[in-house]
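The values are calculated or read from the model by the stated rules, or taken from the named source; none is laboratory data. Being a predicted model, the structure only gives us computed values, none of them experimental. For neighbour counting, all protein chains shown are included, and Cβ atoms are generated from backbone atoms with ideal geometry for every residue, glycine included. Note: accessible area is taken over every heavy atom of the protein model, side chains too, but ligands, DNA and RNA are not part of it. Shrake-Rupley method; radii C 1.70, N 1.55, O 1.52, S 1.80 Å.
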Amino acid sequence: MTQSRTPVLLIILLLVPALIGLVVFRLYPIALAVNDSFFNVLRGNSVFVGFDNYVALLTDSAFWNSLKITLWFNLLINPIQIALALGLALLYVQNFKGVGVYRVLFLIPIGVSLPTAVIIWRIMLSQDGLVNGVIGIAGVPAQPWLTAESLALYSIIAIATWKGISYWMIFIIGGLQNISPEIYDAARIDGVKAWQRLIFITIPLLRPTLLFVLVADVSINFLLFAPIFMLTQGGPADSTNVLMYEAYKSGFVFGDMGRAMAIIVVVVAILLVIVGLQFRLLSGRREAR
């Protein structure tokens, strides 16, 4: 019995819409950013300056401060989000009393748009907002969550984590549901404890899912912009001035589009390096096994 083969032309036609979208919404903006980073606008005219914008960044204290804040922000938020998403996913697939209510509560953030969530949290974190009211019951004085240099970045991390963990939880739930229950049954018969099943069975079998979540999570958080734009505008004292907001200020506040595009290109390059290292490290561990 001969197997029918899908015509190559049909495959190409089916891929054309996706390829057009990739070129228009991904490759073209990147190429445009790279091209614009080699120019400066002087007296209304674009002047080719070569690598001057990149060289200027090397001695730009504002750029280095933004880079430091961006790296610190990602160093904190990504492990927190993935660990919480994994923990919530493990609870989500369990059967216990009230699990239906739990599942609804932790899926609510997905249904709330990012701008709406940011506005709600801005109200809750205000001086007389809900959060200060709750901690006030315990005798803790009201905190300037978004206006204190020592708290603003961590408040952004909390908001982004609340919004993101339910989304990543869904992917991890999908990975958990692909693990055969017979593996866990055999482990229980052999007397393997719950924490041992998590470390030696669940997490290794979830590695492809966790790799996807890790890469996607780093990519989104490295490019985070909206909460900072809406809540702190990079302040106070530039404590939340991540690279994406620094690029926005440079291009749309100060009109230096060449510097802004150079920062964007640097952000994309750093992100590609980080993602490449993640793939290399995780694939290396898999091969070692």
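Filter region 88-117 for residues that are among the hydrophobic types (A, V, I, L, M, F, W, C) and not in a helix (DSSP H, G or I); which is nearest to Ile159 (Cα to Cα)? Within region 88-117, the match that is nearest to Ile159 (Cα to Cα) is Val112. Any residue that is under 30 Å from Met124 (Cα atoms), buried (at least 16 other Cβ atoms within 10 Å of the Cβ), out of contact with any Gly (no Cβ under 8 Å at 6 or more places or on another chain) and not basic (Lys, Arg) - is there at least one of those in region 204-213? Within region 204-213, one or more residues are under 30 Å from Met124 (Cα atoms), buried (at least 16 other Cβ atoms within 10 Å of the Cβ), out of contact with any Gly (no Cβ under 8 Å at 6 or more places or on another chain) and not basic (Lys, Arg). In the set (1) over 15 Å from Val93 (Cβ atoms); (2) in a helix (DSSP H, G or I), the condition left unmet by Ile170 is number (1). If I filter region 244-262 down to residues being in a helix (DSSP H, G or I) and touching a Ser or Thr at 6+ places or on another chain (Cβ under 7 Å), which single residue comes out as nearest to Ile80 (Cα to Cα)? The selected residue is Glu246.
If only one of Ser150, Ser113, Ser166, Ser180 is within 26 Å of Leu231 (Cα to Cα) and open to solvent by less than 50 Å² (accessible area, probe 1.4 Å), which one is it?
None of the others qualify; the one that does is Ser166.
Scanning region 48-67 for residues that are surrounded by fewer than 12 Cβ atoms within 10 Å (Cβ to Cβ) and either farther than 30 Å from Ser239 by Cβ or not β-branched (Val, Ile, Thr) (or both) yields a total of 5.
Table: residues versus (1) without any contact (Cβ under 8 Å) to a residue 12 or more places away in the chain; (2) over 20 Å from Tyr92 (Cα atoms).
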residue: Val140; (1), (2): yes, yes
residue: Pro181; (1), (2): yes, no
residue: Ala186; (1), (2): yes, yes
residue: Val192; (1), (2): yes, yes
residue: Leu198; (1), (2): no, no
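Candidates Gly251, Gly255: the one that is open to solvent by less than 60 Å² (accessible area, probe 1.4 Å), more than 22 Å from the chain's Cα centre (by Cα) and touching a residue at least 40 places away in the same chain (Cβ under 8 Å) is Gly255.
In region 36-50 there is at least one residue that is assigned to a helix (DSSP H, G or I) and at pLDDT 80 or above.
Looking across Phe229, Phe279, Phe200, one residue alone is in contact with a helix residue (DSSP H, G or I) (Cβ under 8 Å, 6 or more places away or on another chain), over 30 Å from Ser126 (Cβ atoms), hydrophobic (A, V, I, L, M, F, W, C) and open to solvent by 80 Å² or more (accessible area, probe 1.4 Å). It is Phe279. Somewhere in region 89-105, is a residue under 30 Å from Leu198 (Cα atoms), crowded, with 17+ Cβ neighbours inside 10 Å and out of contact with any Asp or Glu (no Cβ under 9 Å at 6 or more places or on another chain)? Yes, some residue in region 89-105 is under 30 Å from Leu198 (Cα atoms), crowded, with 17+ Cβ neighbours inside 10 Å and out of contact with any Asp or Glu (no Cβ under 9 Å at 6 or more places or on another chain). Considered as a group, the residues in region 72-88 that are surrounded by 13 or more Cβ atoms within 10 Å (Cβ to Cβ) and under 12 Å from the mean Cα position of the chain (by Cα) include one that is farthest from Thr232 (Cα to Cα), and that residue is Ile82. For Ala56, the conditions (1) assigned to a helix (DSSP H, G or I); (2) free of Cβ contacts under 8 Å to residues at least 40 places away in the same chain all hold with the exception of (2). When you go through (1) in a helix (DSSP H, G or I); (2) modelled with pLDDT of 90 or more; (3) open to solvent by 30 Å² or more (accessible area, probe 1.4 Å) one by one for Pro141, which number turns out not to apply? Going through the list (1) in a helix (DSSP H, G or I); (2) modelled with pLDDT of 90 or more; (3) open to solvent by 30 Å² or more (accessible area, probe 1.4 Å), Pro141 breaks only (1). When Gly255, Gly276, Gly284 are checked against the criterion of being modelled with pLDDT under 90, in contact with a strand residue (DSSP E or B) (Cβ under 8 Å, 6 or more places away or on another chain) and of a type outside the set (A, V, I, L, M), Gly255 stands alone in meeting it.
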